[in-house]
Amino acid sequence: MTAPHTIAVLGLGRMGAAIATRLADHDWDVVGWTRSGRSAGALQATGDPRDAVAKADLVLLALFDGRACREVLDHVHGALRAGAVVLNISTIAPAEAAGLARWLGPSYVHAPVLGSVPAVAGGDLRILAAADQGAFDRARPVLEALGTVRRVEDAATAAALKLVANHSLAGAVLALRDSLRQADALELPRAQVLDVLELGQLGGLVARKRAFLSGEPATAAAQFTIGALAKDMALLAAASNTPLRGAADLAGAPDADIALAATVPAVDEAVLEPLRAYIRGHATGDPAHFRDAFLPSAHIEGIRDGAFVSWALEEYCALFHGRPAPDEPARSRRIDAIDVHGTVATASMTLWHGADTFTDIFLLVHVDGGWRIANKAYHRR
Ligand SMILES: NC(=O)c1ccc[n+]([C@@H]2O[C@H](COP(=O)([O-])OP(=O)(O)OC[C@H]3O[C@@H](n4cnc5c(N)ncnc54)[C@H](OP(=O)(O)O)[C@@H]3O)[C@@H](O)[C@H]2O)c1
C-alpha cells in the first residue's frame, strides 16, 4: 500500500476547506481549488483544477451535489495522473454515485461522511466508504485522518445510507421546531426550554446548536446549511419514490445553518382562524361559526351509515341548533397538522365527540384577504 503524497481537494466550501486544512496539518502536500476562486486559510490554492489534479495521487471531491461532481470531473478527467484515486465525500444521489463508480472504475472511492465541520477538525467523521480493495487501501490513510471508516459494498448503497442518515437529522430538526413552537405557544422562556430540551432525546442537537436556537445574532458561521439538507431530502424522495413527511417543511434561507429551520415561526395565525371558528361552531352549536369558517360553496363529505354523503354548507348548518351538545364538557378537538402552500393549505383535525372519533381533512384557500375552508371530508369511527 502506498499512501498518497499529494492531495488535490476540489471544492473549498465548508467541508472542503476544513478537510484540506486537516490534511495539510497532517503533513500531506495539499493543493486546493474551488469554483469561486476563494482560498482557505494558508492553504495552497490554484485557479485551475486541472493543475491541481495533475500533481495529485489522490483527488478529493467536496462538492455541493452530483451535478457539480460530474461537471468538475468532466473538466479534470483528462488531467488525472495514471493511477490517481478519486475520493468523493459529497452527498449525492445513489444513481449518481453508481454512475461515477462505473465511469471511473477501480480508482473511485465513494465515501460520504456523517458529521460536520467540527468533526472534520477533530478527525471524528463517520465515513461510509465503497471502493475496490486497491483504491480503498490507498485512500485509507486519508480517510483515517478524517474519522472512522465503515466499509459499504457499493457506491449506490453508501450514497443511500448517507441520505437515510440525513433524513434522521432532518427529522430531529423538525421535531425540535415542533417542540419550540409548542413552547412558544405556552409562552415559556426560550432559555429555560432549551435547558430542559438539552436533557432529552434532542439534547445533542440542542447543545451543539444552542447559539442559533437562542436567537442570538449569528456569531457562528453556518456549518451545514438548510439548502444542503433540503437537497439531500429531495434526493432521498426522488430515489425512494416514497413520501417524505416534513421534507417540504425545511423552510428558511438556504444558506442558513440547519438549526435555524427549527426556529421558523409557526404558520401564520390567520390560516388557523377558520379552523378555530369551526371548533367554536362545534363547541357552541351555533352555525354562524361554520358560516364564518367555510366558503358558501363548501361541501362536507364522508361515509355515513355505509353511504357517501355530500352536504352543502347550509345542509350541514341545519344540523346545529344554537346549543352545545349535552356532553360538550367531555368533548375535545385538536388541530393535528397544517401545510400551507401560498394561497392553498391542507389541515387535519381530530374530534372526540362521545363514542365517535372524527378525523376531518380540510382544504383551505386564501380568498378576499382571508383564509376560508373550501371543503371538508371526514372519517367517523
Ligand atoms: N457541511 C456539512 O456539515 C456536511 C456534512 C456532511 C456532508 N456534507 C456534504 O458535503 C458536500 C459539501 O458540503 P459543504 O457544506 O462544504 O457545502 P458548501 O459549503 O456549500 O460548498 C460546496 C462546494 O461545492 C462547490 N460547487 C457548488 N456547485 C458547483 C458547481 N456546479 N461546479 C463546481 N463547484 C461547485 C462550491 O464552490 P464555490 O463555493 O467555490 O463556488 C463549494 O466549493 C455536500 O454534498 C454536502 O451535502 C456537508
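The values are calculated or read from the model by the stated rules, or taken from the named source; none is laboratory data. Since the model is a prediction, treat every value here as computed from it, not as a measurement. Quick reminder, even Gly has a Cβ in these numbers, built from the backbone with ideal geometry, and neighbours come from all protein chains shown.
Checking Ala155, Ala135 one by one, the residue that is under 28 Å from the mean Cα position of the chain (by Cα) and touching a residue at least 24 places away in the same chain (Cβ under 8 Å) is Ala155 and no other. In the set (1) within 14 Å of Glu273 (Cα to Cα); (2) assigned to a loop (DSSP other than H, G, I, E, B), the condition left unmet by Ala347 is number (2).
Hey, which of the helices (runs of 4 or more DSSP H) in region 160-239, taking only ones fully inside, have at least 1 residues that are surrounded by fewer than 12 Cβ atoms within 10 Å (Cβ to Cβ) and in contact with a Pro (Cβ under 7 Å, 6 or more places away or on another chain)? It would help to see each step written out before you state the result.
Details: elements: 190-197, 203-208, 210-213.
Counting at least 1 such residues, we get no helices (runs of 4 or more DSSP H) at all.
When region 1-41 is filtered for residues that are within 10 Å of the ligand (Cβ to nearest atom), assigned to a helix (DSSP H, G or I) and crowded, with 21+ Cβ neighbours inside 10 Å, the ones remaining, listed by number, are Met15, Gly16, Ala17, Ala18, Ile19.
Can you pull out every residue in region 73-89 that is among the β-branched types (Val, Ile, Thr) and part of a loop (DSSP other than H, G, I, E, B)? Talk me through it step by step, then tell me what you get.
Here is the first cut: in region 73-89, the ones among the β-branched types (Val, Ile, Thr) are 76, 85-86, 89.
Once the filter is applied, which keeps residues that are among the β-branched types (Val, Ile, Thr) and part of a loop (DSSP other than H, G, I, E, B), region 73-89 yields only Ile89.
Which of the residues belonging to region 48-67 are among the small types (Gly, Ala, Ser), under 20 Å from Leu23 (Cα atoms) and within 12 Å of the ligand (Cβ to nearest atom)?
Taking region 48-67 first, the residues among the small types (Gly, Ala, Ser) are 52, 54, 56, 62, 66.
From the residues that got through so far, the ones that are under 20 Å from Leu23 (Cα atoms) too are 52, 54, 56, 62.
Matches in region 48-67: Ala62 only.
For Arg70, the stated conditions hold: it is within 24 Å of the chain's Cα centre (by Cα), within 12 Å of the ligand (Cβ to nearest atom), modelled with pLDDT of 95 or more and part of a helix (DSSP H, G or I). In this structure, Arg102 qualifies as basic (Lys, Arg), at pLDDT 95 or above and outside any strand (DSSP E or B). The set of residues in region 312-335 that are closer than 20 Å to Thr346 by Cβ and more than 40 Å from the chain's Cα centre (by Cα) contains only Tyr316.
Let's see how each residue does on (1) under 30 Å from the mean Cα position of the chain (by Cα); (2) of a type in the set (Ser, Thr, Tyr):
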residue: Ile7; (1), (2): no, no
residue: Gly13; (1), (2): yes, no
residue: Val31; (1), (2): no, no
residue: Thr34; (1), (2): yes, yes
residue: Arg38; (1), (2): yes, no
residue: Asp51; (1), (2): no, no
residue: Ala54; (1), (2): no, no
residue: Val59; (1), (2): yes, no
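Residues in region 73-122 that are within 11 Å of the ligand (Cβ to nearest atom), closer than 18 Å to Gly16 by Cβ, surrounded by fewer than 23 Cβ atoms within 10 Å (Cβ to Cβ) and without any contact (Cβ under 8 Å) to a residue 60 or more places away in the chain: Leu73, His75, Leu114, Gly115, Ala119.
Sub-9 Å Cβ pairs linking a first residue in region 275-297 that is farther than 11 Å from Phe320 by Cβ and polar (S, T, N, Q) to a second residue that is at pLDDT 95 or above and assigned to a helix (DSSP H, G or I), at least 6 apart or interchain, are Ser297/Leu313, ordered by first then second residue.
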